[in-house]
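Enquirer: Take a look at this one; I'll ask things after.
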Amino acid sequence: MKRVTIYTDGACIGNPGPGGYGAVILFGLHRKEISGGFRRTTNNRMEMLAAIKALEKLTEPCEVVLHSDSKYVVDAVTKGWAKQWRANGWQRGKRGKALNPDLWARLLDLTGTHRVTFKWVRGHSGNRENERCDRLASTAARGDELCVDSGHERSTPTPGA
């Protein structure tokens, strides 16, 4: 299996609000940067989407070390919470429904395709690649042509509706 290193970050202007994700994918001497923005979303969704979009760029099963500054993402995967939520029909036990099941399902499926090790990195601490992902995500969130995050917008009541 090819060994790939990925750094990811998400950003949101307000929460919810306009958001973006950014990722840096490293393989040998190759480097790919990706990003995207959404008109109304949450920071956690952008953190997850950064990991999803980066893993989706891989064209064959790989051994991946994925760095994220999101405890939400790293802990939910490494501690098995997300798998348990899926096994329980996206319920978090007595605490109600798990948030973002659409993205958790995609991320869990990708971790079945690739051997992914999630590593937490402290955000805004000088890690070069994490800082780059932050700039990519923030720039995407401020973009002119933002996409619709249908997973968030369809679950959010419209004011006055």
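Enquirer: Go over the candidates GLY123, GLY151, GLY143 one by one and state the one that is closer than 17 Å to ASN43 by Cβ, assigned to a loop (DSSP other than H, G, I, E, B) and touching a Pro at 6+ places or on another chain (Cβ under 9 Å).
Expert: Numbers: GLY123 fails: touching a Pro at 6+ places or on another chain (Cβ under 9 Å); GLY151 fails: assigned to a loop (DSSP other than H, G, I, E, B).
Going through GLY123, GLY151, GLY143 in turn, the sole match is GLY143.
Enquirer: Tell me which residues, restricted to the range 86-119, are among the aromatic types (Phe, Trp, Tyr), in contact with a strand residue (DSSP E or B) (Cβ under 7 Å, 6 or more places away or on another chain) and within 17 Å of SER70 (Cβ to Cβ).
Expert: PHE118
Enquirer: Test LEU58 against the stated conditions and say whether it is more than 24 Å from HIS124 (Cβ to Cβ) and in contact with a Ser or Thr (Cβ under 9 Å, 6 or more places away or on another chain). Give the derivation first.
Expert: On the way: more than 24 Å from HIS124 (Cβ to Cβ): yes; in contact with a Ser or Thr (Cβ under 9 Å, 6 or more places away or on another chain): yes.
In short, yes.
Enquirer: Also, I was wondering about something else. Which of the following residues is in contact with a Phe, Trp or Tyr (Cβ under 9 Å, 6 or more places away or on another chain) and aromatic (Phe, Trp, Tyr): TYR21, TYR7?
Expert: TYR21
Enquirer: Shifting gears a bit: Could you please find all residues in the range 98-134 being surrounded by fewer than 19 Cβ atoms within 10 Å (Cβ to Cβ), more than 28 Å from GLU60 (Cβ to Cβ) and within 15 Å of the chain's Cα centre (by Cα)?
Expert: Selection gives LEU99, GLY123.
Enquirer: So, one more: Can you name the condition, by its number, that VAL4 falls short on among (1) over 30 Å from LYS97 (Cα atoms); (2) at pLDDT below 95; (3) of a type outside the set (Phe, Trp, Tyr)?
Expert: Evaluating VAL4 over (1) over 30 Å from LYS97 (Cα atoms); (2) at pLDDT below 95; (3) of a type outside the set (Phe, Trp, Tyr) leaves (2) as the failure.
Enquirer: Take the residues of the range 76-96 that are surrounded by 13 or more Cβ atoms within 10 Å (Cβ to Cβ) and outside any helix (DSSP H, G or I): which is modelled with the lowest pLDDT? Outline the logic, then answer.
Expert: Step one: list which residues in the range 76-96 are surrounded by 13 or more Cβ atoms within 10 Å (Cβ to Cβ), which gives 76-78, 81-86, 90-92.
Keeping just the survivors that are outside any helix (DSSP H, G or I) gives 90-92.
Details: TRP90: 95, GLN91: 93, ARG92: 90.
The residue in question is ARG92.
Enquirer: Among what's in the range 10-56 and is without any contact (Cβ under 8 Å) to a residue 60 or more places away in the chain and of a type in the set (Asp, Glu), pick the residue that is farthest from PHE118 (Cα to Cα).
Expert: The extreme case among them is GLU56.
Enquirer: Could you check the range 61-75 and list, in sequence order, the residues that are under 23 Å from SER125 (Cα atoms) and in a strand (DSSP E or B)?
Expert: Passing the criteria: VAL64, VAL65, LEU66, HIS67, SER68.
The values are calculated or read from the model by the stated rules, or taken from the named source; none is laboratory data. Keep in mind that what you see is a predicted model, and the values were worked out from it rather than measured. Because the Cβ atoms are built from the backbone with ideal geometry, glycine has one as well, and the counts that use them run over all protein chains shown.
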